[in-house]
Structures are given as C-alpha cells and as structure tokens.
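One structure below.
The values are calculated or read from the model by the stated rules, or taken from the named source; none is laboratory data. This is a predicted model, so every value here is computed, not measured. Every residue, glycine among them, receives a Cβ derived from its backbone with ideal geometry; neighbour counts consider all protein chains shown.
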Amino acid sequence: MGRNTSTAERAVMLGALVASVARDVVAESAGGLTESEVRLLWMVDPKAPPKIIGDYAELMRFDRGSLSLIGGKLERLGLARRIPFPADRRFRTLVLTPAGRRLRTRLIKDAAARMPLDALTAKEQERLFTLLTKVLTAV
C-alpha cells in the first residue's frame, strides 16, 4: 500500500478483506446458512449483555422485520431462541442455544484462521484490535 492511499481507500480494502473472509467461511462452514444469518449468529455474543432484537437490526443495517425473519430461521434451526428482554419484557432478545454457541465458536475460529494477521506482531495485532474496537463503538 503506497503512501498516497487515502484513509477511505484503506478502510474499503479492509472491509473487502473481511467480507471476503466472511463469504469463504459462510460458503464452506455454515451448513446452509446465509451470510445474513451467519452475521446475526456472530453478533449474538453469549458473554455480552443482551441486546433487544431492534439493536441487532440497527447494527446490521436491516429493518426489524427482516431481522425478525432471520432470527426466526435461527430459532427453527435450533441455533437460537427469542426470549423476553430482561430489562423490559415488552421487547425480545436473541440468545444462542448450545448448538448455536458451538456453531458460532467454530465459525469465528474458521474466520480467524483465514485472516492474514500473521503478518503482524502480537503487539501490532493488539493495537489493530484496539483501534477497530474504537471504530466499531463509534458506529
């Protein structure tokens, strides 16, 4: 990458790399799930506080109806359950079943194995993750 490459161009290149890895993982590992279904599965972090389904829709830039359909398919496949949101039972959240957690873990490992992060030192990788976390929280 030359010195004249703009920040926007680098961001697009990074996005293309991540999208390419995601497509490869979906094509080879997801057992018939679509890319959108895999994205939702990745976003439902069992270790993080629950989010209402509308929050996932906003993060994925989907309308709530579309996300509800995706969540419904994950539920029919036994990968997730839609339950009342703990803080406000008028809303629903998505939680992964044990099968969903296992598939999520496998998909993330497959994606990580495909990312060319070995070109970076451990310190550089940590810095990259810190910066990406900062960017993602601003979205």
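Some observations on this one:
- Residue 46 farther than 20 Å from residue 111 by Cβ and either of a type in the set (Phe, Trp, Tyr) or within 16 Å of the chain's Cα centre (by Cα) (or both): no
- Scanning the stretch 113-126 finds no residues that are in contact with a strand residue (DSSP E or B) (Cβ under 9 Å, 6 or more places away or on another chain) and in contact (Cβ under 8 Å) with a residue 40 or more places away in the chain.
- For the stretch 61-77, the condition of being within 23 Å of residue 23 (Cα to Cα) and among the acidic types (Asp, Glu) holds for at least one residue.
- Residue list for the stretch 53-70, restricted to those being crowded, with 16+ Cβ neighbours inside 10 Å and touching a residue at least 40 places away in the same chain (Cβ under 8 Å): 53
- Entry remark, the stretch 80-123: residues being assigned to a strand (DSSP E or B), surrounded by 15 or more Cβ atoms within 10 Å (Cβ to Cβ) and in contact with a Phe, Trp or Tyr (Cβ under 8 Å, 6 or more places away or on another chain) number 5 in total.
- Sole residue being touching a strand residue (DSSP E or B) at 6+ places or on another chain (Cβ under 9 Å), under 25 Å from residue 132 (Cα atoms), of a type outside the set (A, V, I, L, M) and in a helix (DSSP H, G or I), chosen from 71, 54: 54
- Residue match in the stretch 6-29 (condition: buried (at least 16 other Cβ atoms within 10 Å of the Cβ), over 16 Å from residue 106 (Cβ atoms) and either among the basic types (Lys, Arg) or touching a helix residue (DSSP H, G or I) at 6+ places or on another chain (Cβ under 7 Å) (or both)): no
- Output for the stretch 67-105, where each listed residue is in contact with a Ser or Thr (Cβ under 8 Å, 6 or more places away or on another chain) and at pLDDT below 90: 85, 86
- Among the residues making up the stretch 117-127, those that are at pLDDT 80 or above and either under 21 Å from residue 39 (Cα atoms) or among the acidic types (Asp, Glu) (or both) are 124, 126.
- Within the stretch 9-38, if we keep just the residues that are without any contact (Cβ under 8 Å) to a residue 60 or more places away in the chain and of a type in the set (Asp, Glu), the residue that is farthest from residue 73 (Cα to Cα) turns out to be 9.
- Cβ pairs under 7 Å, 6+ apart, first in the stretch 91-107 and over 20 Å from residue 67 (Cβ atoms) and touching a residue at least 40 places away in the same chain (Cβ under 8 Å), second in a helix (DSSP H, G or I) and small (Gly, Ala, Ser): 106/29
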